[in-house]
1. Just give me the residues in segment 17-38 being of a type in the set (A, V, I, L, M) and over 16 Å from Cys154 (Cα atoms), in sequence order.
2. Condition (residue is surrounded by fewer than 20 Cβ atoms within 10 Å (Cβ to Cβ) and either in contact (Cβ under 8 Å) with a residue 40 or more places away in the chain or β-branched (Val, Ile, Thr) (or both)) applied to segment 88-100: is it met by at least one residue?
3. Charged (D, E, K, R), farther than 27 Å from Phe396 by Cβ and surrounded by fewer than 18 Cβ atoms within 10 Å (Cβ to Cβ) - does that describe any residue in segment 312-325?
4. If you scan segment 393-403, which residues turn out to be in contact (Cβ under 8 Å) with a residue 24 or more places away in the chain and over 52 Å from the mean Cα position of the chain (by Cα)?
5. What are the residues in segment 271-311 that are out of contact with any Ser or Thr (no Cβ under 9 Å at 6 or more places or on another chain) and of a type in the set (Lys, Arg), if any?
6. Within segment 403-436, which residues are within 13 Å of Lys354 (Cβ to Cβ) and of a type outside the set (Lys, Arg)?
7. If the requirement is being within 13 Å of the ligand (Cβ to nearest atom) and either acidic (Asp, Glu) or surrounded by fewer than 16 Cβ atoms within 10 Å (Cβ to Cβ) (or both), which of these qualifies: Gly409, Gly381, Gly435?
8. What about Ala426, is it more than 16 Å from the ligand (Cβ to nearest atom) and under 43 Å from the mean Cα position of the chain (by Cα)?
Amino acid sequence: MSRKIFTAIWGAALAVFLASLVFIMGISYNYFTGVQMKQLHAETALAAQGVSLCGKDYFTGLSTGDYRVTWVGADGTVLFDTEADASRMENHLEREEIREALETGTGEARRYSPTLADRQLYAAQRLPDGTVLRLSVVQLALWSLVLGFAQPICLVALLALVLSFLLASRLTKKIVAPINAIDPDNPMKYYERDEYREVEPLLRRIAAQQAQLRRDRAEIERASLIRQEFTANVSHELKTPLHAISGYAELLESGLAKPEDVKPFAGKIRAESGRMTKLVEDIIDLTRLDAGGEDYVFESCDLLRIAENAVDSLETEAAGASVTLALKGVSAPMQGVPQLLHSIVYNLCDNAIKYNRPGGRVDITVTPEDGAVVLTVSDTGVGIPKDSQSRIFERFYRVDKSRSKAVGGTGLGLSIVKHAALIQKADMRVESEPGEGSTFTVTFPEK
Ligand code: ADP
């Protein structure tokens with residue numbers, strides 16, 4: 001970047017210098033031509049005086065140097081010329097400077113001489129006898145002016161080169177220094193400072209990106225912490241049934257168990273392995289949901305149908321707990337992932353049975369509402385204390401750990417429901433009064 005800035009400044013300085021040089025040369029050339037013309041007029045006036053006093057004799061032995069002198073009669077015939085034979089020269093009446101001198105007394109012109117290739121300056125003056133004396137000289141050519149100035153121009157150019165080099169490197173350093181001094185971790189402290197006004201958009205972007213990075217880092221740390229916690233919880237949850245299983249198996253193996261204990265021990269082993277299977281199934285479900293749910297395919301389905309299936313598969317469990325299950329509702333067509341919808345209804349109803357009391361009820365309703373579909377699951381169970389209501393969706397969170405274990409809970413059911421609802425973009429709410437029961441409401445948005 002420094003190199004580019006330096007080249008730009010140096011280039012600009014040199015370009016300005018060259019342009020000024022050309023401009024000054026142009027002006028000087030005009031000025032010198034003016035001076036040359038003035039001189040020519042003065043010489044003409046002197047020569048005119050000489051001719052009017054001495055007539056043609058004035059020219060005898062006259063050395064005119066670079067000047068050409070022409071004497072023209074009042075009718076335009078050339079009477080004398082220092083460079084050509086006057087008798088062979090054409091009539092000069094039409095020459096601009098002659099005509100002007102005849103009319104006003106003096107005249108001038110600049111043009112290419114038809115006889116000589118150079119640009120000529122002409123000055124003419126009328127004599128008292130009506131004839132005209134004209135002096136001409138080669139106009140100083142531009143290149144000869146440049147040549148004449150060559151030495152000072154070279155000197156000035158060298159000076160300009162060195163000066164602009166120094167200026168460009170100083171300016172480059174001055175421009176780049178504040179940018180190099182920016183502390184990218186704290187770009188906000190440069191806001192409103194004069195030397196940073198132009199780079200403020202850049203500073204703001206750096207600040208925004210820093211903030212984004214900090215957020216991302218916090219998010220990654222949080223996710224990693226959650227994963228660590230989850231792994232620790234899973235290991236702990238698996239260890240308990242495994243210990244129980246290996247304990248009962250050891251007793252059976254050693255032959256210490258009484259024959260009448262064999263059956264209940266085998267039953268305990270079966271129950272514990274069932275609990276493990278449920279836990280592993282829930283973990284598999286949750287891991288799949290965690291992956292972002294991209295492999296879930298949305299299709300047209302009817303939530304009432306899905307709820308009927310879920311309720312059917314829970315009838316035996318409800319009967320075992322002496323709880324009445326009642327589903328009410330009308331057909332509710334919607335877009336969804338049947339597997340997720342089933343998991344939502346199943347887990348909510350399963351909890352409503354598990355945390356109920358004998359003789360209690362579970363009421364399930366499915367209602368289409370302005371394009372949306374609302375599912376409610378209410379029970380007459382133990383209810384959930386207010387301060388736990390926001391935590392029950394956390395993994396492995398249980399209000400009453402021993403009760404959850406006793407009814408075969410894994411602590412993951414509501415996390416699965418929350419995740420599935422998230423993928424369905426559904427809204428979840430819980431209302432509960434301890435001792436009276438709970439109502440879970442899931443609103444599936446309009447498709
Ligand atoms: P679990 O496998 O323990 O049931 P969940 O994630 O399904 O795990 O539920 C978390 C906790 O929320 C449960 O342990 C229970 O304490 C409480 N809970 C869930 N549903 C109900 C309900 N319908 N009535 C009372 N408590 C409930």
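The values are calculated or read from the model by the stated rules, or taken from the named source; none is laboratory data. In this text the structure is predicted, and so the values were computed from the model without any measurement. Positions of Cβ are backbone-derived with ideal geometry, glycine not excepted, and every protein chain shown enters the neighbour counts.
1. Those that are of a type in the set (A, V, I, L, M) and over 16 Å from Cys154 (Cα atoms): Ile27, Val35, Met37.
2. No, segment 88-100 contains no residue that is surrounded by fewer than 20 Cβ atoms within 10 Å (Cβ to Cβ) and either in contact (Cβ under 8 Å) with a residue 40 or more places away in the chain or β-branched (Val, Ile, Thr) (or both).
3. yes
4. Arg403
5. Arg288 - this is the single residue of segment 271-311 that is out of contact with any Ser or Thr (no Cβ under 9 Å at 6 or more places or on another chain) and of a type in the set (Lys, Arg).
6. Ser404, Ala406, Val407, Gly408, Gly409, Thr410, Gly411, Gly413, Leu414
7. Matching residue, one of Gly409, Gly381, Gly435: Gly435.
8. Yes, satisfied.
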